[in-house]
Structure formats: C-alpha cells, structure tokens
1. What is the percent carbon and sulfur in the accessible area of the chain, measuring with a 1.4 Å probe over the protein chains and ignoring ligands?
2. Beta carbons within 10 angstrom, averaged per residue: use that to sort the peptides 9-17, 38-46, highest first.
3. Angle between the Cα long axis of helix 8-21 and the longest principal axis of the chain, 0 to 90 degrees, nearest 10?
4. Would you mind calculating the relative contact order of the chain from Cα pairs under 8 angstrom and at least 6 residues apart, reporting the percent as a whole number?
5. Starting from the residue with the highest accessible area, list Thr31, Thr21 in decreasing order, probe 1.4 Å.
6. Which Cα, out of Gly19, Ser37, Ala9, lies furthest along the positive dipole direction of the chain (beta carbon charges, K/R +1, D/E -1)?
7. About the Cα centre, and with charges only on the beta carbon of Lys, Arg (+1) and Asp, Glu (-1), how big is the dipole of the chain? Nearest 20 debye, please.
8. If the chain between Val68 and Asp53 were fully stretched, how many nm would it gain, using 0.36 nm times the residue separation less the Cα-Cα distance?
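The values are calculated or read from the model by the stated rules, or taken from the named source; none is laboratory data. Nothing here was measured: the structure is a model prediction, and the numbers come from that model. Virtual Cβ from ideal backbone geometry, glycine too; neighbours counted across all protein chains shown. Surface areas here come from the heavy atoms of the whole protein model, side chains and all, with no ligands, DNA or RNA. Shrake-Rupley method; radii C 1.70, N 1.55, O 1.52, S 1.80 Å.
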Amino acid sequence: MILKEVDLAVDLEHLRKFGETYAKSGVCFPTPYPEHSNSDALVMSFEPGARIDDKEALAAFNIEFSQVLD
C-alpha cells in the first residue's frame, strides 16, 4: 500500500484521466509527459493559475471562494 502511494506513475495516470474527464469544463490541468516520467518522477507542463485555497488569488481572477466549494 505505501509503495503505491509514492508511485508517481499512478499520479501520471490520474492526471491523464482528469485531463480527459474535464477537457471541456474550463478547468486546466497540466499536460503530463509520460516519456519523461516514471515511478520516481512526474514531468508535466506548467500552467499559470491559483491554488484552490488561495482566496486572494481567486479574487484576482474574479472567482468567489464559495463557488470553489460547490
């Protein structure tokens, strides 16, 4: 169980699935680069934005924190 928790190949697959699932939602996910990733390293694109818990940054994007919680 612990080894699965630290296997970044699992996170790579989750990132790929999130990207597919939410492709038309307006939510951006980084693009994974599987050819440069493995169990110890996850390589992905950088996407500018704000942390989901950063109220000031969300306000700068005109996003109300209460909307994020819904």
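1. On the way: 3410 of 5970 Å².
Looking at the chain in its full context, I get 57 percent from C and S.
2. Top of the packing list down: 9-17, 38-46.
3. 50
4. Across the chain, relative contact order equals 24 percent.
5. So the residues, ranked largest to smallest area, are Thr21, Thr31.
6. Gly19
7. Using only the charged Cβ atoms, the result is roughly 180 debye.
8. Working: separation 15, 0.36 × 15 = 5.40 nm, distance 0.89 nm.
Gain on stretching Val68 to Asp53: 4.5 nm.
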